[in-house]
Amino acid sequence: MEARLNLYGNRLAAKIVKHVNSAGREITTSTLPAATQELVKIRASQINGCGFCTDMHTKDAAHAGETTQRLHLIAAWREAKVFTDAERAALELTEQGTRIADASGGVTDEAWANAAKHFDEDQLVALVSLIAVINAYNRMNVIVRQPAGDYRPGQFG
């Protein structure tokens, strides 16, 4: 399988991705827990059908010490007992923020209030930004049919 175009070899794409990457780096330096960040990236990528990002973030999470049990249960997090209340709130916000067009009101007040119980304002900014950034990456990769399976942890720095 070949990508429709090379996002990593095209000069314009490299400029655009550089800016998206800069936003992503700011999020990683926030106080939003790293494990929560990976869960959010994986769940949004699953919803969007982005094999490239799902491959990348599950491998990065495992490399960082995430358990296979939790990785396997992300798609069924509502029924899983292995996630904290804060992680569950982040996953709910991720789902609603990713499926924003599917709901007439977007993200519910209940989902927002639940996230706000577990995260301070800076963490909420990081969480909202992370949901937006991973959705941007997912859309780019899905549109160009970026192949999945060859990612190595830390490959992009």
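The values are calculated or read from the model by the stated rules, or taken from the named source; none is laboratory data. From a predicted model like this one, the values you see are computed outputs, not experimental measurements. Cβ: placed from backbone, ideal geometry, glycine included. Neighbour counts: every protein chain shown. With ligands, DNA and RNA removed, areas are computed over all heavy atoms of the protein, side chains included. Shrake-Rupley method; radii C 1.70, N 1.55, O 1.52, S 1.80 Å.
Would you confirm, using the coordinates I've provided, whether ALA101 is more than 24 Å from SER22 (Cα to Cα) and modelled with pLDDT of 95 or more? Criteria not met by ALA101.
Contact map, segment 31-60: residues that are on the phi > 0 side of the Ramachandran plot and crowded, with 24+ Cβ neighbours inside 10 Å paired with residues that are assigned to a loop (DSSP other than H, G, I, E, B) and at pLDDT 95 or above, Cβ distance under 8 Å, separation 6+ or inter-chain. No pairs are found.
Per-residue answers, yes or no, for (1) open to solvent by less than 30 Å² (accessible area, probe 1.4 Å); (2) farther than 17 Å from VAL20 by Cβ; (3) in a helix (DSSP H, G or I):
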residue: VAL82; (1), (2), (3): no, yes, no
residue: LEU93; (1), (2), (3): yes, yes, yes
residue: ALA116; (1), (2), (3): no, yes, yes
residue: ALA132; (1), (2), (3): no, no, yes
residue: ASN135; (1), (2), (3): yes, no, yes
residue: ASN138; (1), (2), (3): yes, no, yes
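Failed condition for THR98, given (1) within 13 Å of the chain's Cα centre (by Cα); (2) open to solvent by 30 Å² or more (accessible area, probe 1.4 Å), with all others met? Only one criterion in (1) within 13 Å of the chain's Cα centre (by Cα); (2) open to solvent by 30 Å² or more (accessible area, probe 1.4 Å) is unmet by THR98, namely (2).
Is it the case that some residue within segment 101-108 is closer than 29 Å to ALA13 by Cα, open to solvent by less than 20 Å² (accessible area, probe 1.4 Å) and in a helix (DSSP H, G or I)? No. Checking each residue in segment 53-88 for being closer than 14 Å to GLY154 by Cβ and hydrophobic (A, V, I, L, M, F, W, C) picks out MET56, ALA61, ALA62, ALA64. Evaluated against (1) in contact (Cβ under 8 Å) with a residue 12 or more places away in the chain; (2) farther than 20 Å from THR58 by Cα; (3) part of a helix (DSSP H, G or I), LEU124 falls short on exactly one condition, (1). Does LYS41 qualify as being in contact with a Cys (Cβ under 8 Å, 6 or more places away or on another chain) and within 27 Å of ARG145 (Cα to Cα)? Criteria met by LYS41. Condition check: surrounded by fewer than 16 Cβ atoms within 10 Å (Cβ to Cβ), touching a residue at least 40 places away in the same chain (Cβ under 8 Å) and over 18 Å from GLN123 (Cα atoms). Does ARG4 satisfy that? Spelling it out, ARG4 is indeed surrounded by fewer than 16 Cβ atoms within 10 Å (Cβ to Cβ), touching a residue at least 40 places away in the same chain (Cβ under 8 Å) and over 18 Å from GLN123 (Cα atoms). Restricting ALA64, ALA75 to residues that are out of contact with any strand residue (DSSP E or B) (no Cβ under 6 Å at 6 or more places or on another chain), of a type in the set (A, V, I, L, M, F, W, C), in contact (Cβ under 8 Å) with a residue 24 or more places away in the chain and open to solvent by 70 Å² or more (accessible area, probe 1.4 Å) narrows the list to ALA64.
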